[in-house]
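Notes follow the structure.
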Amino acid sequence: MVTAGTLNKLPLLTTDDHRDLAQSVLFRAAQEYGWQLQAWAIMPNHYHLVAFAQDDARGIRTFVQRLHSQTSREVNRMDRVAGRQVWFEYWDTKLTFERSYHARLNYVHSNPVKHGYVKDATAYRWCSASWFAFHSEPVFYRKVLSFKCDNIHVRDDF
């Protein structure tokens with residue numbers, strides 16, 4: 001699981017175009033670097049993702065560096081700002097327990113609701129909640145949603 005925040009928690013991904021860009025770069029970088037996305041949520045000042053490393057995956061640090069450098073360059077180009085630092089830092093956690101994995105999937109899918117962007121996470125297009133609802137097996141979907149995620153220790157004071 002990866003969580004990253006913008007510099008000083010500023011909402012730098014403020015427009016639909018910014019978040020569309022960030023999501024597009026995330027998808028391309030994940031494919032290029034061998035990470036299979038399981039869940040993602042991109043907000044104006046942070047993001048969360050859960051991904052599996054495929055056999056030929058590059059390291060998480062390399063993947064995140066690519067994601068951050070490309071989104072920073074493009075967001076700054078869109079905003080006509082030169083050299084602005086967009087991302088501050090990121091935290092990654094290796095999920096080794098099935099229950100922890102399920103709880104974090106639920107956490108990431110429900111993050112736009114937690115932060116008040118929508119009442120139903122499936123309505124937030126920069127989040128995997130609607131993809132998950134549509135593509136997962138119904139039993140697995142209900143199982144993941146049953147996991148409480150309000151006590152998960154994720155840096156998310158954005």
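Read the figures in this text as sums done on the coordinates, not as results from a lab. This one's a predicted model, so the numbers in the text were calculated from it and none came from an experiment. Neighbour counts are summed over all protein chains in view; Cβ atoms, including those assigned to glycine, are modelled from backbone coordinates with ideal geometry.
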Give just the number: which of (1) surrounded by fewer than 21 Cβ atoms within 10 Å (Cβ to Cβ); (2) under 12 Å from the mean Cα position of the chain (by Cα); (3) not in a loop (DSSP other than H, G, I, E, B) does Ala39 not satisfy?
(1)
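A quick yes/no check of all residues on (1) out of contact with any Pro (no Cβ under 8 Å at 6 or more places or on another chain); (2) buried (at least 17 other Cβ atoms within 10 Å of the Cβ); (3) without any contact (Cβ under 8 Å) to a residue 40 or more places away in the chain; (4) within 17 Å of Lys143 (Cα to Cα):
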site: Val75; (1), (2), (3), (4): yes, yes, no, no
site: Val81; (1), (2), (3), (4): yes, no, yes, no
site: Tyr90; (1), (2), (3), (4): yes, yes, no, no
site: His102; (1), (2), (3), (4): yes, yes, no, yes
site: Val108; (1), (2), (3), (4): yes, yes, no, yes
site: Asn111; (1), (2), (3), (4): yes, yes, no, no
site: Lys119; (1), (2), (3), (4): yes, no, yes, no
site: Ser130; (1), (2), (3), (4): yes, no, yes, yes
Out of everything in the stretch 50-70 that is touching a helix residue (DSSP H, G or I) at 6+ places or on another chain (Cβ under 7 Å) and of a type in the set (A, V, I, L, M, F, W, C), what residue ends up being farthest from Asp20 (Cα to Cα)?
Ala57
Can you find a residue in the stretch 132-142 that is surrounded by 14 or more Cβ atoms within 10 Å (Cβ to Cβ), in a loop (DSSP other than H, G, I, E, B) and free of Cβ contacts under 8 Å to residues at least 60 places away in the same chain?
yes
